[in-house]
Amino acid sequence: MDSRLEAVRDTVLARNPGEKEFHQAVIEVFESLGPVHDRHPEFLEGAILERLCEPERQIIFRVPWTDDAGRVHVNRGFRVEFNSALGPYKGGLRFHPSVYLGIVKFLGFEQIFKNALTGMPIGGGKGGSDFDPRGRSDAEIMRFCQSFMTELYRHIGEYTDVPAGDIGVGGREIGYLFGQYKRITNRYESGVLTGKGISWGGSLVRPEATGYGTVIFAQEMLKTRGASFDGQRVVVSGSGNVAIHAIAKAQSLGATVVACSDSAGYIVDEAGIDVGLLSQIKEVERGRLTEYAARRPGASHVAGGSVWDVNGTVALPCATQNELDGDAAAKLVSNGLIAVAEGANMPSTRSAVSVFQEAGILFGPGKAANAGGVATSALEMQQNASRDSWSFEHTEQRLTEIMVGIHDRCAATAEEYGAPGNYVVGANIGGFVKVADAMLAQGLI
Ligand code: NDP
């Protein structure tokens, strides 16, 4: 790391003790930014990094709710409004028992650069709760969402802060959250949340966007080596929103996706994952992957273990942070891997990223590769503002153009800063310079 940035890093780490995922995200970005400060000493004078690492606002609140038996539960809610230099805070809500401030801050910090890379007018934020939706009835989920929004509503708005989904928050939860926002404010403010249902302000392609976008980004990386998805053997982690649509898109481009996972294990299906069956089990029935193996001839389920034990030429980590470590990366590389695109946020540990880069593997970091979700959320906001709704084809075309644009900007920036082919450097510098310029222009705020 550039020595001028080390002191800032040390201050950030000391000011935010115990937030290890936030530390990891900050260090990863700082490691790319030395050359930028050679060219832009004004960023150092303006203390841009110090300001960037301190969220503009952090909200932590109590979320009380009752289960179906009438028992009272209390969870903790978060919204970190990180940076509004480029537009209203924008980023998802995560409901998962592992959620604490350090996770929300890592996600919000990443979101600033990701949103800048899309070229859309959106700032960075993130939120969520340590609520565990697994095994809860629809009525319990609704009561939780209503209680969560009863506090959150006063902090958000279409020109202020626009949440969306993430792990544990999909169309059902966005519906309950939107209903409660509307009820409290007496406003049909479509642009306050994205990921809405198609019949009430949502955008076609939004559910597919993150997974599709990840595969489009990977396809652009493969093209730089004269390759494509056609004929690739793909391994995916996760089996939620991002994973399912990444699998569908990769297979539509001629790949065979042979494995995917959830938090209890993984399935192997050498004939290629049946996306219809997977979606039925995970999205409709909210079941487990063991069900897939039971219903699909030729497929097997491995309880526990790591999906990265399955060999493939392309890996798409689409589950959660730090799910792919250095050992798993080394095994994938020795098994013939050529490319990795992160559908999830920060799924590869720092040592895994080093292994991939040292082996010359094409590596697309999450803040670039999975930006299709938030980009399509911005397209949803655009449609809401103009009271319009676009066709699937038109929206998918826009998503494709945006992902190709992000790929090309990352590649060009990496080249410009002396690191050709390094998409980590390209994404970090590309996103950072845009935000830093806007922060300087807007004065000391
Ligand atoms: P979902 O809740 O739909 O699916 C998450 C998947 O990951 C599930 O298969 C889940 O398994 C698995 N998973 C979650 N946490 C863990 C864990 N701690 N260990 C092992 N497996 C885990 O979430 P999404 O698909 O929306 O999100 C997946 C990733 O993509 C996240 O990193 C998210 O931040 C990122 N992302 C999502 C976007 C979106 O538009 N939704 C946009 C950009 C990034 P199980 O069901 O067993 O819990």
Open item on the list: What's the total number of residues in region 305-326 that are at pLDDT below 95 and open to solvent by less than 50 Å² (accessible area, probe 1.4 Å)?
Closed with: 0
Task: The one condition in (1) in contact (Cβ under 8 Å) with a residue 60 or more places away in the chain; (2) in contact with a strand residue (DSSP E or B) (Cβ under 9 Å, 6 or more places away or on another chain) that Arg350 fails to fulfil - done: (2)
TODO: Could you check how many residues of region 92-108 are away from the ligand (no atom under 13 Å from the Cβ) and either surrounded by 24 or more Cβ atoms within 10 Å (Cβ to Cβ) or free of Cβ contacts under 8 Å to residues at least 12 places away in the same chain (or both)?
DONE: 1
Task: Filter pass, Ala369 being open to solvent by less than 50 Å² (accessible area, probe 1.4 Å), under 21 Å from the mean Cα position of the chain (by Cα) and over 24 Å from Gln251 (Cα atoms) - done: no
- [ ] Tell me, please, whether a residue that is surrounded by 15 or more Cβ atoms within 10 Å (Cβ to Cβ), without any contact (Cβ under 8 Å) to a residue 60 or more places away in the chain and basic (Lys, Arg) can be found in region 398-410.
- [x] yes
Task: From Arg136, Arg143, residue being open to solvent by 10 Å² or more (accessible area, probe 1.4 Å) and within 14 Å of the ligand (Cβ to nearest atom) - done: Arg136
Task: Verdict on Phe131 being within 15 Å of the ligand (Cβ to nearest atom) and crowded, with 16+ Cβ neighbours inside 10 Å - done: yes
Open item on the list: Residues that are under 28 Å from His96 (Cα atoms) and in contact with a Ser or Thr (Cβ under 6 Å, 6 or more places away or on another chain), at least 2 per element: which strands (runs of 3 or more DSSP E) completely within region 171-278 meet that?
Closed with: 256-262
- [ ] Tell me which residues, restricted to region 301-326, are within 13 Å of the ligand (Cβ to nearest atom) and either part of a helix (DSSP H, G or I) or without any contact (Cβ under 8 Å) to a residue 24 or more places away in the chain (or both).
- [x] Val307, Trp308
TODO: Considering only region 335-445, give the helices (runs of 4 or more DSSP H) lying wholly within it that have at least 2 residues that are among the acidic types (Asp, Glu).
DONE: 392-416
TODO: Considering only region 327-339, state which residues are open to solvent by 40 Å² or more (accessible area, probe 1.4 Å) and either within 25 Å of Lys20 (Cα to Cα) or touching a residue at least 40 places away in the same chain (Cβ under 8 Å) (or both).
DONE: Asp327, Ala330, Ile338
Task: Failed criterion for Ala47 (all others in (1) away from the ligand (no atom under 16 Å from the Cβ); (2) surrounded by 23 or more Cβ atoms within 10 Å (Cβ to Cβ) hold) - done: (2)
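The values are calculated or read from the model by the stated rules, or taken from the named source; none is laboratory data. Predicted, not measured: the structure shown is a model, and the values here were computed from it. Methodologically, a virtual Cβ is constructed for each residue, glycine included, from the backbone with ideal geometry; neighbour enumeration extends over all protein chains shown. Accessible surface is based on the protein model in full, side chains and every heavy atom, while ligands, DNA and RNA are left aside. Shrake-Rupley method; radii C 1.70, N 1.55, O 1.52, S 1.80 Å.
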